[in-house]
Amino acid sequence: MTATHPQPASLQAWADVDLDAYRENIRTLAALAPDAQLMAVVKANAYGHGLAPVARTAREAGADWLGVATLDEALALRAAGDEGPLLCWLATPGADFAAAARHDVEVTASSPEQLGEILAADALPRVQLKVDTGLGRNGAFGDQWTDLVAAAVRATAGGAQLTGVWSHFACADEPDHPANDAQETRFHEAVDELRAAGLEPGLRHLANSAALMTRPSSHLDLVRAGIATFGLPPDPAMPHDVDLTPVMTLRARLAAVKRVPAGQGVSYGYRHVTERETTLGLVPIGYGEGVHRAATGRAHAWVHGHRVPVVGTICMDQMVVDLGDLPAERGDVVTLFGPGAGGEPTAVEWAEASGTIAYEVVTGLGGRIQLTHSSDHGGIR
Ligand SMILES: *Cc1c(COP(=O)(O)O)cnc(C)c1O
């Protein structure tokens, strides 16, 4: 259950981030892999939840590591005061690896060329190596791994510190997919090759949220958990019995409420026409805030303890809900999604209505939505 936090009357559209739920999720997930370290992945503004407060809470909850995609994200964490172990993994030529070393950010080399760029920064870096075990995305693939290992032997001889080797799953949210076993096998081969070249791999890691929840064999030395820390399933169809609480609740105040007769077209293109006299409520959130227009005609909201349909085309700044005969006034709070415990729609439902995954629903939010962070310890902060 999420506590109801007081919301300032000045807020028009906001996403409340329940840091207590986040903290609890981190603890629950860490307990699933007691022998591994936990990396809380906070890339993309902590999946839309707000980088600095989420990162701080992750550390408080005992996350050993934070993980981000880009070096800029890592430096933003340092600027926000974070000092713990921190890894990033996505860089293009020209990245400021000297700044990474200066700020004690560990970087990832996904190819011999990239390792060369890291070494050229003229600082003694702490570097991890990424092997593509079958995702077909980033990481050294096939023979390139052999070249990367050779380059790493030279780099460590020159003073670079190799602190980890890692890879990423393609199909971990389908636990029975044969790619999972194949990738794990390939990963161990890659580590063996590294050892055969005389290098200690440091931290070996492979598991994302889905693998953390379903594949203990993949936990190794560290697990990288993103979506599950925010209380959302990697895939709603993925079987699991892990008790997580969704962290984000998306709310707004009704900007207008009006009674309309039967037969009234609603919003652009009249894709909805009222069947009877009803009350319409105007929600000041639209695709400018990252809500998918594709959810038009398919999504629901929650007003005064009732589920109400979103009707008519979702616009740039706003959408309309059909309140029926509910007594509602301008300024009343409408919830688009939340934990679901009270019956309100969830981010997973919005994902289904939008033809996407919950990752994109929360990460894509922005525009004029304000993020509020609440905790039973400190209220809004
Ligand atoms: C985003 C990401 C993760 C976290 O994935 P989730 O499915 O959100 O747990 C882990 N590792 C890497 C390399 C990533 O890019």
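The values are calculated or read from the model by the stated rules, or taken from the named source; none is laboratory data. Every value quoted in this text rests on a predicted model; they were computed, and no experiment measured them. Note that we place each Cβ from the backbone using ideal geometry, even for glycine, and neighbour counts take in every protein chain shown. To get the accessible areas, we keep the full protein, side chains included, count just its heavy atoms, and leave off ligands, DNA and RNA. Shrake-Rupley method; radii C 1.70, N 1.55, O 1.52, S 1.80 Å.
State the number of residues belonging to segment 78-102 that are within 17 Å of the chain's Cα centre (by Cα) and either surrounded by fewer than 20 Cβ atoms within 10 Å (Cβ to Cβ) or more than 16 Å from the ligand (Cβ to nearest atom) (or both).
1
If you go through segment 286-302 one residue at a time, how many are over 11 Å from Val320 (Cβ atoms), of a type outside the set (Asp, Glu) and buried (at least 22 other Cβ atoms within 10 Å of the Cβ)?
4
Residue by residue through segment 155-190, note down the ones that are touching a strand residue (DSSP E or B) at 6+ places or on another chain (Cβ under 6 Å) and in a helix (DSSP H, G or I).
Thr156, Phe187, Ala190
Identify all residues within segment 31-46 that are among the β-branched types (Val, Ile, Thr) and part of a loop (DSSP other than H, G, I, E, B); write none if there are none.
Once the filter is applied, which keeps residues that are among the β-branched types (Val, Ile, Thr) and part of a loop (DSSP other than H, G, I, E, B), segment 31-46 yields only Val42.
For segment 103-145, how many residues are among the charged types (D, E, K, R), open to solvent by 60 Å² or more (accessible area, probe 1.4 Å) and either touching a strand residue (DSSP E or B) at 6+ places or on another chain (Cβ under 8 Å) or within 15 Å of the ligand (Cβ to nearest atom) (or both)?
If we filter segment 103-145 for residues that are among the charged types (D, E, K, R), which is where we start, we get 104, 106, 113, 117, 122, 126, 130, 132, 137, 143.
Then keep just the ones that are open to solvent by 60 Å² or more (accessible area, probe 1.4 Å); that gives 104, 113, 117, 122, 126, 137, 143.
From what's left, either touching a strand residue (DSSP E or B) at 6+ places or on another chain (Cβ under 8 Å) or within 15 Å of the ligand (Cβ to nearest atom) (or both): 104, 126, 137.
Residues meeting the conditions: 3.
Looking at the structure I just gave you, is Leu244 over 11 Å from Ala36 (Cβ atoms), in a loop (DSSP other than H, G, I, E, B) and more than 10 Å from the ligand (Cβ to nearest atom)?
yes
Any residue in segment 19-31 that is touching a residue at least 60 places away in the same chain (Cβ under 8 Å) and open to solvent by less than 10 Å² (accessible area, probe 1.4 Å) sitting within a Cβ distance under 7 Å of a residue that is in a helix (DSSP H, G or I) and among the hydroxyl-bearing types (Ser, Thr, Tyr)? List the pairs, counting only those 6 or more apart or interchain.
If the second residue must be in a helix (DSSP H, G or I) and among the hydroxyl-bearing types (Ser, Thr, Tyr), the pairs left are Leu19/Thr57; Tyr22/Thr57; Tyr22/Thr229; Asn25/Thr229; Ile26/Thr229; Leu29/Thr229.
Can you say whether Ala211 is within 16 Å of the ligand (Cβ to nearest atom), outside any loop (DSSP other than H, G, I, E, B), of a type in the set (Gly, Ala, Ser) and open to solvent by less than 10 Å² (accessible area, probe 1.4 Å), as far as the supplied structure shows?
yes
Which of the following residues is within 23 Å of Val17 (Cβ to Cβ) and buried (at least 20 other Cβ atoms within 10 Å of the Cβ): Ala358, Ala341, Ala328?
It is Ala358.
Here's a check for you: in segment 32-50, which residue that is more than 12 Å from the ligand (Cβ to nearest atom) and either more than 14 Å from the chain's Cα centre (by Cα) or among the aliphatic types (A, V, I, L, M) (or both) is most open to solvent (accessible area, probe 1.4 Å)?
That would be Asp35.
Taking the residues in segment 51-77 that are of a type in the set (Val, Ile, Thr) and open to solvent by less than 10 Å² (accessible area, probe 1.4 Å) as candidates, determine which candidate is farthest from the ligand (Cβ to nearest atom). Write out each step before concluding.
Here is the first cut: in segment 51-77, the residues of a type in the set (Val, Ile, Thr) are 54, 57, 68, 70.
Checking which are open to solvent by less than 10 Å² (accessible area, probe 1.4 Å) leaves us with 54, 57, 68.
On the way: Val54: 13, Thr57: 17, Val68: 9 Å.
Among residues in segment 51-77 that are of a type in the set (Val, Ile, Thr) and open to solvent by less than 10 Å² (accessible area, probe 1.4 Å), the one farthest from the ligand (Cβ to nearest atom) is Thr57.
Within segment 232-240, is there a residue that is in contact with a helix residue (DSSP H, G or I) (Cβ under 8 Å, 6 or more places away or on another chain) and either without any contact (Cβ under 8 Å) to a residue 40 or more places away in the chain or within 18 Å of Ile314 (Cβ to Cβ) (or both)?
Yes, there is a match, as at least one residue in segment 232-240 is in contact with a helix residue (DSSP H, G or I) (Cβ under 8 Å, 6 or more places away or on another chain) and either without any contact (Cβ under 8 Å) to a residue 40 or more places away in the chain or within 18 Å of Ile314 (Cβ to Cβ) (or both).
For Leu148, state whether it is within 26 Å of the chain's Cα centre (by Cα) and aliphatic (A, V, I, L, M).
Details: within 26 Å of the chain's Cα centre (by Cα): no; aliphatic (A, V, I, L, M): yes.
The answer is no for Leu148.
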